[in-house]
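A.B. asks: Take a look at this one; I'll ask things after.
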């Protein structure tokens, strides 16, 4: 599953880092996340303004559903909603 995020225009560096820290910490509390990959943005003139992103790997649909409903995931969503302008999520089969 790929998650891309656009931050609000006045999001601070601290808020952006808090988003990254929050999402990359989820595997420690949600074991159904088999792997989480994160890196640095490679700017492109046609990138559509996406600021950051991660890839999460799940073994199956049940694990993805468990993650989606998990309390730590819901807390992450609430904690990062203020600085989120847009989010794009793809369930990519690999």
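The values are calculated or read from the model by the stated rules, or taken from the named source; none is laboratory data. In this text, all values refer to a predicted model and were calculated from it rather than measured experimentally. Neighbour counts run over all protein chains shown; Cβ positions are idealised from the backbone, glycine included.
A.B. asks: Looking only at region 65-81, which residues are in contact (Cβ under 8 Å) with a residue 24 or more places away in the chain and either assigned to a loop (DSSP other than H, G, I, E, B) or under 15 Å from residue 23 (Cβ atoms) (or both)?
C.D. replies: Answer for region 65-81, where residues must be in contact (Cβ under 8 Å) with a residue 24 or more places away in the chain and either assigned to a loop (DSSP other than H, G, I, E, B) or under 15 Å from residue 23 (Cβ atoms) (or both): 67, 70, 72, 73, 76, 79, 80.
A.B. asks: Scan region 48-58 for residues that are out of contact with any strand residue (DSSP E or B) (no Cβ under 6 Å at 6 or more places or on another chain) and modelled with pLDDT of 95 or more and jot them down.
C.D. replies: Within region 48-58, just 58 meets the criteria.
A.B. asks: A follow-up question, please. Name the single residue that is farthest from residue 86 (Cα to Cα) among those in region 13-24 being over 10 Å from the mean Cα position of the chain (by Cα) and in contact (Cβ under 8 Å) with a residue 40 or more places away in the chain.
C.D. replies: The extreme case among them is 18.
A.B. asks: Give just the number: which of (1) within 24 Å of residue 12 (Cβ to Cβ); (2) exposed (fewer than 12 other Cβ atoms within 10 Å of the Cβ) does residue 50 not satisfy?
C.D. replies: Condition not satisfied by residue 50: (2).
A.B. asks: Return the residues of region 48-61 that are more than 20 Å from residue 28 (Cβ to Cβ) and either touching a helix residue (DSSP H, G or I) at 6+ places or on another chain (Cβ under 8 Å) or in a helix (DSSP H, G or I) (or both); say none if nothing qualifies.
C.D. replies: Those that are more than 20 Å from residue 28 (Cβ to Cβ) and either touching a helix residue (DSSP H, G or I) at 6+ places or on another chain (Cβ under 8 Å) or in a helix (DSSP H, G or I) (or both): 51, 61.
A.B. asks: Then there is this: From the list 94, 45, exactly one residue is in contact with a strand residue (DSSP E or B) (Cβ under 8 Å, 6 or more places away or on another chain), assigned to a loop (DSSP other than H, G, I, E, B) and without any contact (Cβ under 8 Å) to a residue 60 or more places away in the chain. Which is it?
C.D. replies: Of the residues listed, the single one that is in contact with a strand residue (DSSP E or B) (Cβ under 8 Å, 6 or more places away or on another chain), assigned to a loop (DSSP other than H, G, I, E, B) and without any contact (Cβ under 8 Å) to a residue 60 or more places away in the chain is 94.
A.B. asks: Output the residues belonging to region 59-83 that are within 25 Å of residue 14 (Cβ to Cβ) and either at pLDDT 95 or above or surrounded by fewer than 16 Cβ atoms within 10 Å (Cβ to Cβ) (or both).
C.D. replies: If the condition is that a residue be within 25 Å of residue 14 (Cβ to Cβ) and either at pLDDT 95 or above or surrounded by fewer than 16 Cβ atoms within 10 Å (Cβ to Cβ) (or both), then 71, 72, 73, 74, 75, 76, 77, 78, 79, 81, 82 are the ones that fit.
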